[in-house]
Each structure stands twice: as C-alpha cells, then as structure tokens.
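Asker: Supplied in structure tokens, the structure appears directly below.
The values are calculated or read from the model by the stated rules, or taken from the named source; none is laboratory data. Please read all numbers here as calculations on a predicted model, not as lab measurements. No Cβ is skipped: glycine too gets one built from the backbone with ideal geometry, and neighbour counts run over all protein chains shown.
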Amino acid sequence: MPLLREVRPEVVVADILTLAPALAAELVGVPCATLIPHVYPHGQPDFPIYSLGARLPRTAAGRWMWRHAQGPVSRGLERGRVELNQTRARLGLPALAHVHGGISRELALVATFPQLEYPRVWPQHVHVVGPLMWEPPASDVELPPGDEPLVLVAPSTAQDSEHRLLTAALRGLADAPVRVLATWNRRLPPRPLPVPANARVVEWVSYSRTMPLCDVVVCHAGHGTLVRALSTGCAVIACPAVGDMNENAARLDWAGAGVRLPRRFTSPQTLRLAVERALGEAPIRRRARELAAWADAHDSGETATKLIERLAAQTLAARP
C-alpha cells in the first residue's frame, strides 16, 4: 500500500493467485486487473468439474450429469467466498456476494488459446487474449544427429520428482524411428537415466528456440509448456501429473491438437504408441499448425496491453 500511494498507478495487474496486490489496490482506490495464466477456471453448470480431466459432454445426458454433480464444487466455492470475506473484513473491505472473488470484475485477462476454451457465454469483463509466454535465459543445445522426426521430452519443473515420465519416454522411444531431445530441468534424477543412441539428455533447454525444430513435445501438460508447444505447431503428448494439468490435457484432447495419456497409464509402451499416433495422424498435426498460425497472427501481448490501457484511461478520466 505505501508503494501504491507513492507511485499512484492507474492500474494494478495481479496474478489470479496473488491476492495481496489486488486487495492493496482496492484499499488505495486503484482499479485492478487479474491475469489468469491458464484456461478460465470458472465453469458453467454443464461443464465438467474443473481439474478432473473430463472433456466437455457431447450429449444431453452428459450435461445433465455434470449439472447434478456440482454440489461439492459449489460448497468449495462458497467456503472460499466466506474465507476471503473474512480477510476482507479484517482489512475493512466490504464482503463479496459472488464466488471467485480473486478474479477482478473490472478486467480479467485469460492468457490461453481461445481454441482451448469451451464454448460459453463470456462475462463482459473477461477477455481471452492468447498465451502470454516467458522463459528464463538459456544457452543453445546440440540436437541429436539425423533427419528423423524430433521429439522433445519436457517434464514439469514442479512435479514428478522421480522423473517417471522422462524415464518412460527414454525407454519407450529407444529404438523408435525418431530423435529424442530430453531435459531433466535442473532437477537431478534420483537414479541414472537410460540414454539410448537416438537420444540426447540435457540439463536445460530453451523452449522458444528448440520447439520450432521439433515435431512432437512430450510433457506433463503444464500450461506454459503446452501453449509454447502449440504456438510452434508441435503436436503434444500430454501426461498430466496433478490438478490443472488434468484440465489442460482434457482441453488439448478436445481441441484435437495432441494425445492425452493419463498418468496411471503412462509407461514406455504407451508413450511410444502416443508418439506414433501424434506423428501418424494428419489431423492432429494439422490442428497444431492451425493454433500456431493463430498465434502468429495474434499478438497476445498487444491485445492485453490495449485492454489494460483502456482501463487506465477510464481511471485518468475519473480523476479530478
């Protein structure tokens, strides 16, 4: 709050999970926009429960089932509303009557592909701007030699400490007609990795410079890795570990731009089959290229900036 009073910004932009700056902005009287760096989490009554990994229902019976399965979700959202309002009361802020109080009702920026969002009626303040991507600096890496299709194995930096996915991919693709570039993402494996002749395993890799050279990306379906791969036209093998990754994998499957392989089914054999499917089915590769073409034609950063500037202009117009 002292910083906001000193700087007097026209707008504060806060991540959906970062409530402190949003609450401070409200206390100081500065409009706040919410950045949602993944698909929109607020479902509709006939949507599957978020993060379960279920796809949008295709029949009236499926929609009926999900409408009547929302009880636990509704109770959880209500508990979140009550707990947030307790915090707001301690700060002298009025209670909110709606759930998902961590999402601004002035402006919410959904930083994902619109092709990954289920058809819905969108609130006026919510805008799907496209992926907003960033990565830390990284050096170039040497690719495996040859002309075969290149498969990048890009495991999560937060999940799968045993490197189950990485190990399964290296074993499953060992004698496949592909080249494999894999990274252990600066998280030392608990045991030596099996590195076949067609593979190269590195500590870290720049996705922005490497994925454009790849044909398939194998990952845990973290949103950042997923949209980076799709923005470069790579088909994705999504092996979700937990939570939001299940939702991302379901959206990928629904969009037709990759193959979903649930964690419980992940093995060297199933990973190889998934890669073969992604390489062999033209519609999957074509759909991934369609999303890449959309990304090339839409500047997500510019779209988000214009929306933030519009909110800032409203603030300036209202100031004495």
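Asker: Would you confirm whether or not the range 56-76 contains a residue that is within 18 Å of the chain's Cα centre (by Cα) and either not in a helix (DSSP H, G or I) or not charged (D, E, K, R) (or both)?
Answerer: Scanning the range 56-76 turns up at least one residue that is within 18 Å of the chain's Cα centre (by Cα) and either not in a helix (DSSP H, G or I) or not charged (D, E, K, R) (or both).
Asker: Please go through the range 8-55 and pick out each residue that is over 23 Å from N85 (Cα atoms) and charged (D, E, K, R).
Answerer: Correct list: R8, E10, D46, R55.
Asker: In the range 194-207, what residues are of a type in the set (G, A, S) and surrounded by 14 or more Cβ atoms within 10 Å (Cβ to Cβ)?
Answerer: Once the filter is applied, which keeps residues that are of a type in the set (G, A, S) and surrounded by 14 or more Cβ atoms within 10 Å (Cβ to Cβ), the range 194-207 yields A199, S206.
Asker: Can you go through A241, A197, A221 and tell me which one is on the phi > 0 side of the Ramachandran plot, in the same structural domain as A174 (by TED's automatic domain parsing) and not charged (D, E, K, R)?
Answerer: When all the criteria are applied, what remains is A221.
Asker: Take A304 and decide whether it is out of contact with any Cys (no Cβ under 7 Å at 6 or more places or on another chain), outside the structural domain of V178 (by TED's automatic domain parsing) and either more than 19 Å from L165 (Cα to Cα) or not in a helix (DSSP H, G or I) (or both).
Answerer: Answer is yes for this residue.
Asker: Here's another thing I want to ask about it. Would you confirm, using the coordinates I've provided, whether R164 is surrounded by 16 or more Cβ atoms within 10 Å (Cβ to Cβ) and either outside the structural domain of E276 (by TED's automatic domain parsing) or touching a Pro at 6+ places or on another chain (Cβ under 8 Å) (or both)?
Answerer: Considered against the rule, which asks whether it is surrounded by 16 or more Cβ atoms within 10 Å (Cβ to Cβ) and either outside the structural domain of E276 (by TED's automatic domain parsing) or touching a Pro at 6+ places or on another chain (Cβ under 8 Å) (or both), R164 comes out as no.
Condition check ((1) without any contact (Cβ under 8 Å) to a residue 60 or more places away in the chain; (2) in contact with a Gly (Cβ under 8 Å, 6 or more places away or on another chain)) across all residues:
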{"site": "I36", "(1), (2)": "no, no"}
{"site": "P45", "(1), (2)": "yes, no"}
{"site": "G76", "(1), (2)": "yes, no"}
{"site": "L84", "(1), (2)": "no, yes"}
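Asker: Okay, next question. Here are L23, L4, L27: which of them is in contact with a helix residue (DSSP H, G or I) (Cβ under 8 Å, 6 or more places away or on another chain), touching a residue at least 60 places away in the same chain (Cβ under 8 Å) and not acidic (D, E)?
Answerer: Result: L23 is the single residue among L23, L4, L27 that is in contact with a helix residue (DSSP H, G or I) (Cβ under 8 Å, 6 or more places away or on another chain), touching a residue at least 60 places away in the same chain (Cβ under 8 Å) and not acidic (D, E).
Asker: Please go through (1) without any contact (Cβ under 8 Å) to a residue 12 or more places away in the chain; (2) in a loop (DSSP other than H, G, I, E, B); (3) surrounded by fewer than 12 Cβ atoms within 10 Å (Cβ to Cβ); (4) under 28 Å from the mean Cα position of the chain (by Cα) for L17 and return the number of the only condition it doesn't satisfy.
Answerer: Only one criterion is unmet by L17, namely (1).
Asker: Assess whether T232 counts as being touching a residue at least 40 places away in the same chain (Cβ under 8 Å), surrounded by 14 or more Cβ atoms within 10 Å (Cβ to Cβ), closer than 24 Å to E290 by Cβ and out of contact with any Pro (no Cβ under 8 Å at 6 or more places or on another chain).
Answerer: no
Asker: Among what's in the range 126-140 and is surrounded by fewer than 16 Cβ atoms within 10 Å (Cβ to Cβ) and not polar (S, T, N, Q), pick the residue that is nearest to W294 (Cα to Cα).
Answerer: For the range 126-140, the residue satisfying everything is W134.
Asker: Sticking with this structure for a sec: From R79, R105, grab the single residue that is within 26 Å of A313 (Cα to Cα) and of a type in the set (K, R).
Answerer: R105
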